Amino acid sequence: MTVFLQQLINGLSLGAIYALIALGYTMVYGTLQLINFAHSEVFMMGAFAALYLARWSGAEANPTLVSVTFVIVGTMAFCAALGMTIERLAYRPLRKSGRLNLLITAIGVSMLLKNGTLIAAGPLASFPSLLPETQWQLAPGLSLRSMDVITLSVTLVLMVVLHHIVERTQMGRAMRAVSHSRDAAALMGIPVDRVIAFTFALGSSLAGAAAFLRAVDMHKIDPEMGTNMGLKAFVAAVVGGIGSIPGAVVGAILLGLSETFVSGYLTSTYRDAIAFCLLIVILLVRPSGILGKHAPEKV
Amino acid sequence: MLGWAAMVLSIGIVWVIQVFAVPWMDPYLTDILTRVGMNLLAVMGLALVLGFTGQFSLGHAGFMAVGAYTAGALVYFEHVHPLVGILAGGLAASLVGVAVGLPSLRLTGDYLAVVTLGFNGIIIVLIQNADWLGGAKGLIGLPTFTNFGWTFSFVIVGALAIRNVIASAQGRVFEAVRDNEIATRSLGIDTTRAKVTAFVFGAFWAGIAGGLVAFHRGSIFPTQFQYDRSIELVTMVVLGGTGSLSGPLIASSVLTALPEILRPIAQYRMVIYALLLIGMMILRPTGLLGARELTEVVAAAVKRRRAARAG
């Protein structure tokens with residue numbers, strides 16, 4: 001039972017990080033039908049931005065509530081700006097060409113950011129402990145880390161904010177309209193380009209928050225850190241039904257839980273294979289994901 | 001159908017080069033050429049799957065892994081001839097192609113891409129955990145058999161085989177599936193069968209390429225065949241032009257050689273490579289040759305020049 005509860009905590013915490021990244025994939029997919037391969041690199045660069053912000057603001061030496069909040073918000077703002085820049089420079093010129101072209105461009109942007117960061121920041125950096133790290137022993141073999149509590153609560157707050165933006169604001173309604181039908185939205189006078197830019201900003205800022213939480217937890221960051229996390233988050237978005245915002249969260253939690261339960265009960269060496277097996281099984285049973293809508297094809 | 005004569009002749013030329021020129025060539029250059037050849041084999045299979053049949057597979061490197069490890073294990077444990085190993089690698093990859101293709105090709109578009117990506121990931125994890133195959137440390141101590149001659153002999157056979165498939169009735173079925181799957185099905189054509197056929201054919205050549213990779217340096221590692229390799233192969237096909245065979249072949253030659261040419265500016269080469277990729281997609285969205293073949297492009301250029309001269 002303690003093993004179960006412990007893995008539940010670990011899985012939720014991991015799933016929360018996946019969810020924050022997966023939301024960016026799913027929202028961009030909803031509006032552009034693009035697998036944004038560069039999103040994992042936005043996450044990675046967010047971690048580096050957080051590092052430099054922490055050094056610059058003095059949070060590294062003296063982490064106070066104000067300075068750490070500044071680092072989080074600054075990281076999210078940096079990622080939002082980065083996401084919008086990528087969209088403006090690399091994706092918007094290709095708005096009218098095929099989806100494969102857009103995909104290759106995204107791959108190119110991803111390589112550019114990864115290798116650019118490698119040159120600019122080096123292969124590995126250690127990340128300061130910005131958040132309090134204590135551990136509560138709830139029972140023998142069952143502990144709750146403060147990082148897990150912080151990760152889950154930050155994620156929860158961001159989800160509520162996101163839900164409010166998407167469901168309650170004018171911009172959110174425009175986002176939903178664009179993802180429903182871009183052409184019809186344009187005909188109704190919705191500024192599609194601006195909505196797409198906003199979608200990138202929103203998704204990327206969530207990736208920034210995820211990057212901060214992950215970096216604080218891992219204590220080290222490197223230019224490769226986005227690749228694996230991005231791939232997993234993308235898998236989570238697809239499992240949940242890509243294009244669906246609640247789907248991304250459900251898929252991410254499911255993926256996080258299944259990974260930790262596999263490493264807790266079976267063996268950690270196969271945990272990546274489990275993620276992919278889950279993906280394949282779910283897609284074969286429900287080809288459009290858990291919460292995805294099945295769109296019948298018209299001829 | 002291009003005849004046997006052309007095939008025999010070009011393979012003959014390759015071996016003349018191998019015997020009379022390669023021993024005097026810079027080993028570094030021969031090494032690059034051999035690597036170009038191995039990429040060509042993998043890319044031409046993917047050109048058939050992605051470019052002609054329109055099935056977005058992101059797991060092509062997984063088939064290379066199956067081919068490489070089958071060939072490697074057969075030679076390492078059973079001491080068969082490397083050539084037998086390479087062919088067995090191709091067959092094993094096509095068997096896996098059937099197993100993966102049959103269920104997953106019912107999915108379309110990006111979902112297929114994700115499932116093939118997942119397959120690629122699973123293959124790598126399985127190999128990494130198979131201690132008898134060397135696990136994550138790789139399978140080392142294989143004979144070095146792959147050279148310029150063998151690689152390009154396979155390239156020629158493969159290119160002609162795929163070219164002939166594309167020119168056949170089956171090839172038209174592939175293109176019909178790519179252009180409109182539902183319309184094709186309404187003509188009474190079994191589209192799943194067509195897709196699996198293309199998939200298996202592509203997997204076979206990826207397996208052959210993997211087998212050659214195994215005996216190139218005499219060692220193989222699971223990380224060589226990770227999904228970034230699959231993405232690289234997709235890049236080559238799209239950059240060359242989907243619906244073209246010669247386009248992807250040119251693109252893969254250039255993209256394999258480019259990092260080597262850029263080596264003097266070592267640390268910036270991947271950045272430049274990425275910038276070229278983005279620029280190319282923005283400036284020439286249809287890829288190098290679009291849906292045309294090199295011969296058509298050259299013929300059109302000659303015609304234009306003649307017309308200009310006459311006018």
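Any read-out appearing in this document is the output of simple, stated calculations on the displayed coordinates, not a laboratory observation. These figures come from a predicted structure and were not determined experimentally. For neighbour counting, all protein chains shown are included, and Cβ atoms are generated from backbone atoms with ideal geometry for every residue, glycine included.
Using the Kirkwood radius over C-alpha pairs as Rh, can you work out the diffusion coefficient of chain A via Stokes-Einstein at 20 °C, viscosity 1.002 mPa s, in µm² per second?
Values: Rh = 19.7 Å.
Here the translational diffusion coefficient equals 109 µm²/s.
Summed over qualifying helices (DSSP H, 4 residues or more, each -39500 (n - 2.57)) and divided by its residue number, chain B shows a 222 nm mean residue ellipticity of -23500 deg cm²/dmol. Helix A:65-86 and the longest principal axis of the Cα set of chain A meet at an angle near 30°.
Can you put A:Ser244, A:Ser204 in order of Cβ neighbours within 10 angstrom, beginning with the fewest?
So the ranking, lowest neighbour count to highest, is A:Ser244, A:Ser204.
Overall, the stretch B:57-211 carries a charge dipole of about 200 debye about its Cα centre when +1 sits on the Cβ of Lys and Arg and -1 on the Cβ of Asp and Glu, all other atoms neutral. Ranked by the mean number of other Cβ atoms within 10 Å of their residues, highest first, the peptides A:57-70, B:169-182, A:132-145, A:94-107 come out as A:94-107, B:169-182, A:57-70, A:132-145.
Most tightly packed first, judged by the mean number of other beta-carbon atoms within 10 Å of their residues, the peptides B:39-48, A:261-270 read B:39-48, A:261-270.
Positive-end ranking of B:Ser57, B:Ala274, B:Gly141 along the dipole of chain B, with charges on Cβ about the Cα centre, is headed by B:Ala274. Using a simple spin-label model with pseudo-atoms 7 Å out from Cα toward Cβ, B:Arg305 and A:Val66 lie 7.4 nm apart. Can you find, among B:Leu46, A:Gly74, B:Gly210, the residue farthest towards the positive end of the dipole of the protein assembly as shown? Put +1 on the C-beta of Lys and Arg, -1 on that of Asp and Glu. Final value for the positive-end residue is B:Leu46.
Tell me, what is a quarter of the convex hull surface for the C-alpha atoms of the stretch B:4-227, in nm² with one decimal?
The orientation-averaged projected area of the Cα hull of the stretch B:4-227 comes to 12.5 nm².
Averaged over peptide A:108-118, the number of partner chain Cβ atoms lying within 10 Å of each residue's Cβ comes to 5. Summary of the geometry: the stretch B:93-116 and the stretch B:197-234, compared by the centres of their Cα atoms, lie 16 Å apart. Look at A:Met225, A:Met159, B:Met236 and count the other Cβ atoms within 10 Å of each Cβ; fewest to most, that gives A:Met159, A:Met225, B:Met236. In this simple spin-label approximation, B:Leu95 and A:Met1 carry label points 7 Å from Cα along the Cα→Cβ vector, and these lie 4.9 nm apart. Ordering B:Trp150, B:Trp15 by the number of other Cβ atoms within 10 Å of each residue's own Cβ, fewest first, gives B:Trp15, B:Trp150.
Protection proxy ranking of B:116-123, B:225-232, B:78-85, B:16-23, by the mean of other Cβ atoms within 10 Å over each peptide's residues and highest first, is B:116-123, B:225-232, B:78-85, B:16-23.
Shielding of peptide B:123-133 by partners, expressed as the average count of other chain Cβ atoms within 10 Å per residue Cβ, is 2. Between the Cα long axis of helix A:99-121 and the first principal axis of chain A there is an angle of about 40°, rounded to the nearest 10. With each label modelled as a point 7 angstrom along the Cα→C-beta vector, the B:Ala21-A:Val73 pair spans 6.7 nm. The slack between B:Asp179 and B:Thr223, meaning 0.36 nm per residue of separation minus the straight C-alpha distance, is 12.3 nm. FRET efficiency for the pair A:Glu224 and A:Arg168, taken as 1/(1 + (r/R0)^6) with r the Cβ-Cβ distance and R0 = 45 Å, rounds to 0.70. Quick one: Cα centre-to-centre distance for the stretch A:97-111 and the stretch A:252-275, in angstrom? Value for the Cα centre distance between the two parts: 31 Å.
Over the stretch B:4-227, Cα pairs under 8 Å with separation of 6+ residues give a relative contact order of 41 percent.
Provide a whole-number value for the mean count of partner chain Cβ atoms within 10 Å of the Cβ atoms in peptide B:174-185.
Working: counts 0, 0, 0, 0, 0, 0, 1, 2, 3, 1, 0, 1.
Average neighbour count from other chains, rounded to a whole number: 1.
Listed by chain and number, the lysines whose C-alpha is less than 27 Å from the C-alpha of A:Lys293, apart from same-chain residues fewer than 8 away, are A:Lys96, A:Lys232, B:Lys195.
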